[in-house]
Protein chains: 2
Amino acid sequence: MNRKSKPIFKPYKKSSAHKYVSEMLKDYIISGVYSPGDQLPTEIELSQALGISRAATREGLRELESLGLITTVQGYKGGRFVKKINSDIILNGLDLLIKTQRASFDELMEARKAIEGITSKMAALNRSPENLEVMAKVIDLRVDSKEEFYRKTFELHEIVALASQNRVLYYIVQAIRKLIFQTYANLTLEENDVELVMKNHYDIYNSIKNRDPEAAEKAMINDIEAYRKLYLEVIKNKQ
Amino acid sequence: MNRKSKPIFKPYKKSSAHKYVSEMLKDYIISGVYSPGDQLPTEIELSQALGISRAATREGLRELESLGLITTVQGYKGGRFVKKINSDIILNGLDLLIKTQRASFDELMEARKAIEGITSKMAALNRSPENLEVMAKVIDLRVDSKEEFYRKTFELHEIVALASQNRVLYYIVQAIRKLIFQTYANLTLEENDVELVMKNHYDIYNSIKNRDPEAAEKAMINDIEAYRKLYLEVIKNKQ
DNA sequence: TTACATATTAATGTCTGACATAATTACGAT
DNA sequence: ATCGTAATTATGTCAGACATTAATATGTAA
């Protein structure tokens with residue numbers, strides 16, 4: 001939405017001012033009045049339109065920022081901008097949950113295996129030809145750089161989850177995977193390990209291509225289990 | 001933690017003031033310096049200890065509130081209190097995700113079936129005798145009130161997820177179930193429906209008791225699928 | 001003595017207006 | 001043409017005042 005074609009901002013009466021600001025803007029973002037990339041009115045415009053002080057308006061905007069709905073940019077041409085929503089919006093909460101509950105690495109990996117196994121199974125049933133094409137592009141892991149290896153690995157898992165055609169599961173899988181990679185350091189793999197991962201990825205691709213859900217689930221679980229073991233070895237060697 | 005035995009609050013230097021407040025307190029909450037139920041210092045105490053204005057301190061506290069880590073109580077004996085963390089902390093994000101992505105009821109139910117099916121399967125392998133005891137208490141659904149019926153239904157699903165012994169899956173299941181019940185109205189069930197749900201619950205209980213993972217998964221999926229169909233019928237009749 | 005109405009108290013909630021900081025853009029001197 | 005500097009415009013922070021809220025303490029009438 002253009003900054004100039006503003007929606008209607010009704011002055012608030014009851015309830016708390018900061019909450020009024022965040023709730024109203026949240027509704028506008030959810031309903032699509034503001035789209036990702038759009039700039040919100042400035043603090044002063046908002047506060048004047050609503051008849052709320054700038055301080056209370058800022059508190060409301062902070063809430064939205066904390067929820068992951070907007071970003072803040074200071075300076076000339078700065079302002080508040082609506083974010084593109086993705087799995088990051090549950091990542092924060094999941095992270096807090098796991099940290100405060102002291103959930104273990106194994107618990108997280110078990111959850112990942114279970115859910116990503118399901119998406120792999122569903123992908124075998126629901127995958128489109130386009131999904132397969134993208135997968136084919138990222139299963140050759142004989143690459144030069146470590147980064148390239150990780151990028152391709154990440155993309156395969158992403159496209160499998162996407163191919164399940166279930167966005168709820170897709171976002172949950174993405175959040176869990178991101179959480180694992182941001183919490184636990186990446187591995188440095190040996191030559192043998194690369195071979196193994198590549199074989200596993202090929203198995204996943206092949207069973208999804210052949211529309212074999214059971215094989216697809218099994219292959220995915222194998223792949224993640226292999227990663228788990230590799231990671232635990234790294235940990236052991238570090239001690 | 002007692003309000004009087006305060007942790008150390010180092011005055012901030014760089015980065016933003018409000019962020020310093022929220023990050024610092026978040027770390028204290030995660031690391032257990034503050035436990036659920038504990039009261040944080042008042043805004044004035046905090047701002048004075050950190051050398052930050054009250055306005056900026058409040059913004060930081062709002063962020064924590066928005067994340068779901070603290071609650072705010074106004075008035076005498078009011079203040080900021082650390083919340084007990086549960087699945088609610090991802091519920092918000094999941095809700096936003098589904099609303100903005102316009103994910104369908106069916107997509108959500110598919111996800112629920114898949115994940116809750118898994119927890120049921122895992123419960124059959126990992127359940128404790130205590131888990132079984134609690135389940136036994138809630139599978140008789142021949143009750144007077146609608147509320148009692150819903151309470152028992154909710155508790156059975158809760159204890160099954162808990163019996164999987166995987167807290168990550170448990171919280172995800174809880175969040176999805178809460179989301180479904182808060183987004184889509186509850187059903188009004190006929191006599192026949194109650195019989196059906198009760199049979200399904202009994203199947204779930206029995207297969208978990210017998211440590212039969214495949215049967216447990218199937219029974220859970222049946223139960224949720226039945227709920228989905230009942231709900232869709234209600235929708236159809238309303239039109 | 002008890003019960004109800006009222007005052008006190010201590011926290012958050014809100015407002016105002018000023019100044020600080022950041023980052024893009026415009027401009028001017030070399 | 002380029003580099004450095006000033007202007008612009010958004011958010012960031014501050015200080016101090018007053019409003020609101022809700023538990024508690026107090027006082028008064030039945």
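Odds and ends about this structure:
- Restricting attention to segment B:29-76, the residues that are surrounded by 20 or more Cβ atoms within 10 Å (Cβ to Cβ) and either of a type in the set (A, V, I, L, M, F, W, C) or within 12 Å of DNA strand D (Cβ to nearest atom) (or both) add up to 17.
- Top-ranked residue in segment A:46-65 [being among the acidic types (Asp, Glu) and touching a residue at least 24 places away in the same chain (Cβ under 8 Å); ranked as nearest to A:SER16 (Cα to Cα)]: A:GLU59
- Filter result (closer than 15 Å to B:VAL234 by Cβ and hydrophobic (A, V, I, L, M, F, W, C)) within segment B:152-193: B:ILE180, B:PHE181, B:ALA185, B:LEU187, B:LEU189
- Residues considered: B:TYR184, B:TYR205. Of these, the only one that is over 22 Å from B:ARG142 (Cβ atoms), surrounded by 14 or more Cβ atoms within 10 Å (Cβ to Cβ) and hydroxyl-bearing (Ser, Thr, Tyr) is B:TYR184.
- Of the residues making up segment A:38-50, one or more are hydroxyl-bearing (Ser, Thr, Tyr), at pLDDT 95 or above and out of contact with any strand residue (DSSP E or B) (no Cβ under 9 Å at 6 or more places or on another chain).
- Extreme residue, farthest from the other protein chains (Cβ to nearest Cβ), among residues of segment B:28-63 that are more than 23 Å from the chain's Cα centre (by Cα) and among the acidic types (Asp, Glu): B:GLU45
- Residues of segment B:188-239 classified as among the small types (Gly, Ala, Ser) and under 17 Å from B:PHE149 (Cα atoms), total: 1
- Screening A:SER87 against (1) surrounded by fewer than 19 Cβ atoms within 10 Å (Cβ to Cβ); (2) within 30 Å of A:TYR34 (Cα to Cα); (3) facing chain B (nearest Cβ under 10 Å) leaves a single unmet condition, (1).
- The condition (being at pLDDT below 95, within 15 Å of DNA strand D (Cβ to nearest atom) and more than 9 Å from every other protein chain (Cβ to nearest Cβ)) is satisfied by just one residue among A:LYS19, A:LYS10, A:LYS4: A:LYS4.
The values are calculated or read from the model by the stated rules, or taken from the named source; none is laboratory data. Values in this document were obtained by computation on a predicted structure and should not be read as measured data. All Cβ positions, even for glycine, are placed from backbone atoms using ideal geometry, and neighbour counts span all protein chains on display.
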